[in-house]
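One structure is given here, and the rest of the page talks about it.
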Amino acid sequence: MKVPFSWLKEYVDVDMTAAELADRLALTGTEVERVAAVGIPSGDGNLDRFVIGQVETVAPHPDADKLTLCGVDVGGRVEKIVCGAKNFREGDRTAVCLPGGVLPDGRRLEAAEIRGVRSNGMMCSEAELGISSESAGIMILPEDAPVGERLVDHVAVHDEVLELEVTPNRPDCLSVYGVAREVAAVTGAGLSPEPADDIKPEGHDDIGSLVEISVADPDLCPRYGARLIAGVKVGPSPAWLKARIVAAGMRPVNNVVDITNYVMWTLGEPMHAFDLAKVAGKKLVVRRAREGEKIRTIDGVERSLTPQMLVIADGDGPTAIAGIMGSEASEVSDDTSDILLEAANFDGPSVMATSMELGLRSESSTRFEKGMDVELVPRALAMASRLMTEICGGRLVPGEIDIHGELPPANVVHLRSSRIASLIGVEIDPGETAAILERLGFTVEVEGEGGFRVTVPCFRADVEREVDLIEEVVRVYGLDLIPTTLPSDVRVMGGLSPRQAAEREVARALAGRGLDEVITYSFIAPDYADRLRLAKNDTRRRAVVLDNPISVEQSVMRTIMLPSLLMTVARNAAVRNTGINIFERGVIYLPSEGRKLPDERRVIAACLTDMAGEGWISGGRAVDFYTGKGLVEAVFATVNGSCGLSRSRDPFLHPGKSADIMVGGERAGYVGEVHPLVLSAFDLDIPVTAFEVDLDAIVASSAGTVLFEDLMTYPASYQDLAVVVDDKVDAEKVLETVRSAGAPLLHGAEVFDIYSGEQVAAGSKSIALRLEFRSPDHTLTDDEVNDVRAKIVRELEKKLKATLRV
């Protein structure tokens, strides 16, 4: 919301600069993104060089047919100015830039000789002053403009604009007067009355006899108001209005449209002007659109409507999309003479849904979707009617359309001073509490000792409870005035949950091993499943689809982390960034049976390409499955946990160079080399190893706190064991059997070789293990070790049909 400072000061007598006001508003919850200067630069006395002048004489230039030599009174003296415009005559008052003046585009004007005649200034056009994109001649000011005075004191050719970030619960601040009310409340400055003075209608006709208006769907239009201005003359707006419109970030169109925009910016109520002559059948109906109906909006785009959308229709069909944009069919033009002014209150969610479905947003829709004050309708019509007759001529036709049901009653909230003190820890004087609320527009009545009966104004629909009133009082009183104190309960201490602690340790472990942490979007392209070669029945294909995506490339929620990381690797590889080893802690969104919302699981995933990096002595070392497996084991070791591996069937991993990560017999993730076809789908020509593990599974695998174990007093005994098993038996299954059979004296077991070839039978493989035997209370004898070894061999023969290789 752009609020020109000079416009704001018309309604509130604030005694501070725009920058000081921005700081004050920020302390009360109204965020000011920046304060920007617009128009003529103000530094070095530049504004004094732009004055109101009166053309005293007009004569032909002695050496140029298209130029004139003018004598211009600039206040106590007449300057000679050469001019090329033709839209003025003697006696006209205009804007004059004296020598040394700097224009909005940065050009400095100096006295110059033009075709042999010295020109001491320039009569300026609206475009040169920055209040219009184009102009046919110089700017002509009203006849009563005071000659010699500064132009900026009468036309806002320079302004400072406060750019506000208005929160969704404060639509009342989407207007200059609403912000003025806020400024008056927080600074104590005087607030002028709302500029909604009405005028008297003229004539003996009546609006009801000239146009018929009805509301067929009052649930989407609680209030609809209209007035008729007859005999207007459409043309350019006066300079002051154009300056206001431009400073607010809009484009001047014509006096009728500019007035509707000016009223919207001032009061916050969006308005629309129909050319009555173009309203088919002189009849308007506010209704839901019908199936198949279309409308060509004023931006020249034909749009298809659905029955969920609210429109204003005439005898030929939709002529405006309610609360969003009008149509070309009833647009005001230079030939328009009778204006039907609309001010209404439309349902916010309906306007938002229509805006999103059509991909069409406007200043009107921005306001309506946040919920507008239903009482603004008649006040906006009154202000617009007055401006329309003053600027465009014409007359207000007697009668007014105001269709509405029972208007919502004012909300009453009871406030206790004691409750304020108990919530914020500071006692605020009851008189000051009442004054703050009254400045904010609330009606306050004393109720008992230290209590108030507060009537909430309809423009503050967000205030519903006592705590809401307390928030209003405190933010205006000054959050910076509340002393900082420590919590009284010393038992209130922060801390990390087991999963948070584990996640932090895992991240440190991976970073310590040379991986870089990244953060990617949870939104990915919908073709991720095909690029990963997922089966048609794979549940990871059933991604949550966004209703309002930023783009197609970010239109679904990821069910697996790998696509996000592969895209990051691809972007880095494309710019020759080598040694890409990254990991991410994030959420995946899996379909949940019987529930609308997905199952959100927090995982940690990584992609590796080169763990050594290139140096001046040697190149990097390509990673493989075992690199990923080692990192996965390190991840589990950080929480004193462990995992198992089993053969993976994931189609995006290389067969035979991948594994499922198992915890407690359940799949917790995967590790392996990415399939070449998947790499190609992501435009990668380098090998990548990846893994992804559920963080809850990592925490669940933990054996708890690491306890001290004496490894020095009683030495261990080591033996190697090689067994031949069926080729389909996983090494992990062999390890599980060995560890189970060797407990409790078997302290460790690991595979150090797997062999298949001529020395073993076809369809079989040899798995060699290194066994570590240890007792905590004595040195093991050879017999004890051999007994345990024999038991292990028997269990392998029994459960896996393994044979001892000799």
Candidates Ile560, Ile550, Ile582, filtered to the one that is open to solvent by less than 30 Å² (accessible area, probe 1.4 Å), of a type in the set (Val, Ile, Thr), out of contact with any Pro (no Cβ under 7 Å at 6 or more places or on another chain) and assigned to a loop (DSSP other than H, G, I, E, B): Ile560
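Quick one: is Val82 crowded, with 19+ Cβ neighbours inside 10 Å and without any contact (Cβ under 8 Å) to a residue 60 or more places away in the chain? Steps first, answer last, please.
Details: crowded, with 19+ Cβ neighbours inside 10 Å: yes; without any contact (Cβ under 8 Å) to a residue 60 or more places away in the chain: yes.
Against the criterion (crowded, with 19+ Cβ neighbours inside 10 Å and without any contact (Cβ under 8 Å) to a residue 60 or more places away in the chain), Val82 qualifies.
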Applying the selection to the range 236-270, what residues are of a type outside the set (Gly, Ala, Ser) and more than 27 Å from Ala322 (Cβ to Cβ)? Pro236, Pro238, Trp240, Lys242, Val246
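Tell me, please, whether a residue that is more than 60 Å from the chain's Cα centre (by Cα) and of a type outside the set (Asp, Glu) can be found in the range 744-752. Break it down stepwise before answering.
Looking only at the range 744-752, we keep the residues that are more than 60 Å from the chain's Cα centre (by Cα), and these are 745.
Going one step further and asking which of them are of a type outside the set (Asp, Glu), we end up with 745.
Taking every residue of the range 744-752 in turn, at least one turns out to be more than 60 Å from the chain's Cα centre (by Cα) and of a type outside the set (Asp, Glu).
Would you confirm whether any residue within the range 467-478 is more than 27 Å from Glu31 (Cβ to Cβ) and either open to solvent by less than 30 Å² (accessible area, probe 1.4 Å) or touching a Cys at 6+ places or on another chain (Cβ under 7 Å) (or both)?
Residues of the range 467-478 that are more than 27 Å from Glu31 (Cβ to Cβ), as a first pass: none.
There is no residue in the range 467-478 that is more than 27 Å from Glu31 (Cβ to Cβ) and either open to solvent by less than 30 Å² (accessible area, probe 1.4 Å) or touching a Cys at 6+ places or on another chain (Cβ under 7 Å) (or both).
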Take the residues in the range 376-398 that are modelled with pLDDT of 95 or more and part of a loop (DSSP other than H, G, I, E, B); name whichever of them is least open to solvent (accessible area, probe 1.4 Å). Val397
Restricting to the range 209-250, and then to whatever is small (Gly, Ala, Ser) and touching a Leu at 6+ places or on another chain (Cβ under 9 Å), can you tell me which residue is farthest from Ala384 (Cα to Cα)? Ser214
Here, strands (runs of 3 or more DSSP E) confined to the range 23-76 with at least 1 residues that are aromatic (Phe, Trp, Tyr) are 50-61
Close pairs from the range 749-772: first in the same structural domain as Leu721 (by TED's automatic domain parsing), partner of a type in the set (Gly, Ala, Ser) and open to solvent by 50 Å² or more (accessible area, probe 1.4 Å), Cβ under 8 Å, at least 6 apart: Ser764/Ser756; Lys765/Ser756; Ser766/Ser756
Just wondering, is there one or more residues in the range 180-190 that are surrounded by fewer than 19 Cβ atoms within 10 Å (Cβ to Cβ) and either farther than 30 Å from Glu33 by Cβ or polar (S, T, N, Q) (or both)? no
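Starting from residues that are in a helix (DSSP H, G or I), among the aliphatic types (A, V, I, L, M) and open to solvent by 10 Å² or more (accessible area, probe 1.4 Å), keep the ones in the range 319-358 and report whichever is modelled with the lowest pLDDT. Quick ask: steps written out before the conclusion?
First, the residues of the range 319-358 that are in a helix (DSSP H, G or I): 328-330, 348-358.
Then keep just the ones that are among the aliphatic types (A, V, I, L, M); that gives 329, 351-353, 356, 358.
Checking the rest, the ones that are also open to solvent by 10 Å² or more (accessible area, probe 1.4 Å) come to 329, 352-353, 356, 358.
Numbers: Ala329: 90, Met352: 95, Ala353: 94, Met356: 93, Leu358: 94.
So the residue we want is Ala329.
Which one of Thr17, Thr28 is surrounded by fewer than 13 Cβ atoms within 10 Å (Cβ to Cβ), within 27 Å of Leu191 (Cα to Cα), outside the structural domain of Leu103 (by TED's automatic domain parsing) and among the hydroxyl-bearing types (Ser, Thr, Tyr)? Don't jump to the end; show me each part of the working.
Numbers: Thr28 fails: surrounded by fewer than 13 Cβ atoms within 10 Å (Cβ to Cβ).
Answer to the check: Thr17.
The values are calculated or read from the model by the stated rules, or taken from the named source; none is laboratory data. Remember, predicted model here, so these are calculated numbers, not experimental data. In this analysis, Cβ positions are derived from the backbone assuming ideal geometry, glycine residues included, and neighbour counts consider all displayed protein chains. The protein model used for the area step is the full one, side chains on, heavy atoms only, and it has no ligands, DNA or RNA in it. Shrake-Rupley method; radii C 1.70, N 1.55, O 1.52, S 1.80 Å.
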